[in-house]
Structure formats: structure tokens, C-alpha cells
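What follows is a single structure, written as C-alpha cells, with notes after it.
Each reported figure results from applying straightforward, stated rules to the coordinates on display, with no laboratory input. Nothing here was measured: the structure is a model prediction, and the numbers come from that model. When we count neighbours, we look across all protein chains shown, and the Cβ atoms used for this are built from the backbone with ideal geometry, even at glycine.
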Amino acid sequence: MDASPRHAWGVRALQLLASAAVLLALAQSADTARLWGMLAQSVPGWLLAAMLLKAASIGLHEVRLWHALPEPRPPLSAVIRIGLIAGTLNLALPARAGDLTALALLRRDCGVSVGSAGAAVGLVAFLEMAVFAIFLLIALLIGASRWELLLGAAAHARALKLTTAGTLLAVAGVLVLVAIARRLSSAPPPAGPSPLALLREGLTAAGSALSTARWLAAQLSLTALQVALMIAAAAALFPMLSLPVPLPGLAACGVMVGSSVAAVVLPTGFGAGPAAVSIALLAPLGISQTSALAYAAGFWMIGSLPTVAMGLPALWLQRR
């Protein structure tokens, strides 16, 4: 095994041990009997709704991946299968190896070049983050008065500034990428296949797509629907556990953002990141640590179970 895969697996093993230690520490300071009681008495209808909403957002994500590929696009069913496989592998493999697998399968099974496939995968992730930031900004503005009462004016102002800055950075990133693509398209291509040629192809493809109004409008519409489904799935966990949270959509957004940031150190699939974030963000809303851990357990379920349930059949079809 090469040094780089060994290092990746070593990092993932350390992350797993650290996640286990964090979960153990959080569980020791919580009422475990009440925690299991909350999960056992949760409303199954809300859990089913959350699972279905999450599954719908996963399927829409793969449709967006297909739409992001250059024309003529490969069959939609093949791209959905590859996207589901990548999502499942990302839960288990280190260094987001699922995304690399998606690039390889798009090249082998669909005939998409590596540069164009990389551009599509990157655009799908980038637009998702940008639209999510816009959703969070709108939620902070709509619920400003209530969140100022709960968190304080200073904390609300900081959150608003950070979200606004993130949104503006995303817009600036789009403009810069389009400018780079236009300059690269007029420059002579590098001779022969090389990493530089792949990078040039990816940047050109991404910038060209972003500068096409019709493509961008369709992607943003699909992304907004996907993000709305994700937020609705996370928000459905509050009535599932009978947790009286004001503005559950915004609270769910906060947990999602915090879990994404924590995933840099502790992957979401290991559960420790969402657990710590749920406790930190839900405490100001009057939610106890035990209840926050119950929410984190539900958050982990809707983040992992639909992905695996949809990904395993895709893996079986790919194997055939």
C-alpha cells in the first residue's frame, strides 16, 4: 500500500477513535435512560417523513450532477447510480474516496472526461453551499427579532455578518471563475495530457456553465429545492422528539452548518460532530443536553440510513 492511502486510513482511524471518545464523554454527562426513552417514544411518522425528505434530496442531488455534465449528457440512470455509489462510499472510505470513484466511473462508464466530471462534481457542491448560505441569511433576517431575544443582539449580529460575508464570497467566486474561464478559453491549450491540461479543462467547463444563464437558472432552482428538502428533513426531527424549538428550520440550519464545519475534523458519519454541535447550538434554545443528544441521534440516522439504503442497490447494479 502506498504511503498516501496508509496516511488517509491512519487519519480516519484517529478520527474514529476521537469520535468515540467524544461520544463517550457526552453520554456520561447525559441521562442515558431518558435518552433511550426519548428515542423509543419518538413519533415514527415524523421519522419516516424525515427519511423520505432526505432521500428525495439525495435523488435530486444526483439529478443535479447529471445536469451539470456537458452535453450530450450520458443516461440519467447511469449518473444517478454513480452518484449514489459515491455518496455511500464517502460514509466509509477516507479522504472522500467516493468522489474520486465517481470521477473514475463517469469516465469509464459514461465517457465523460476527467476534467468535465471534476467540474460537474465541484459545481454541484459549490452551488449547494452557496444556496444554503442564502437560505440561512434569509432565515436570520426573517426571524431577527426572535433570535435576538434568544441569543442576544451581539450573537445574532455576528451570525448575520458571517453569513453575509459567506454569501458575498460565493458570488465573488462565481465571477472570478467565469473570468478565469474566459481567459483560458482564448489561450492556447497546453500540449499533451497533463495535470495542467485537466485543470484547464475543468476550470473552462465550470466557468462556461456558470456564464450560461439558462444552465445557472436551472441549477439554482434544483439546488434551492434540494436544500429546502434537507432543511425540512432536519427540522422534522424536532416534532419527532416533541422538542419545543422556536424557528425549527433555522435551528436545523445551524446544526447542519456546524456539523459541516466539524466534519473537517470529525466526519459527520461518525456522529460525534453532530452530537457536540447539537448540544452547543440547542442549549441557548432551552434544550437539555440529553434532548440535544437525542436530536443528534436522529440527525445521524437521516444522514446515513437513506444514503446506505439507496447506495447499496446501486452498488449491486454496478457490480452486475
Around LEU203: net Lys/Arg minus Asp/Glu count, Cβ-Cβ under 15 Å: +2
Please quote Rg/Rh for the chain to two decimal places, taking the Kirkwood radius as Rh and restricting both calculations to Cα atoms. 0.99
Once the piece of chain linking VAL11 and SER260 is laid out straight, how much longer is it, given 0.36 nm per residue of separation minus the C-alpha distance between them? 87.9 nm
Rounded to the nearest 0.05, FRET efficiency between LEU312 and ARG34 (Cβ-Cβ, R0 51 Å) equals 0.90
Show me the ranking of peptides 175-181, 293-299 by mean Cβ neighbours inside 10 Å, starting with the highest. 293-299, 175-181
Modelled FRET efficiency - R0 45 Å, TRP215 with ARG319, Cβ distances, 0.05 increments: 0.85
Length added when fully stretched, ALA97-LEU196, from 0.36 nm per residue minus Cα-Cα: 33.5 nm
Which order do VAL261, VAL174 fall in if you start with the one that has the fewest other Cβ atoms within 10 Å? VAL261, VAL174
Take the alpha-carbon centre of the stretch 122-140, take the same for the stretch 216-231, and report the distance between them in whole Å. 9
In whole angstrom, note down how far apart the Cα centers of the stretch 288-320 and the stretch 34-109 are. 10
For an R0 of 41 angstrom, estimate the FRET efficiency from the Cβ-Cβ distance between CYS110 and ALA21 and round to the nearest 0.05. 0.45
Length gained if ALA228 through ALA172 is fully extended, taking 0.36 nm per residue and subtracting the Cα-Cα distance, is 17.8 nm
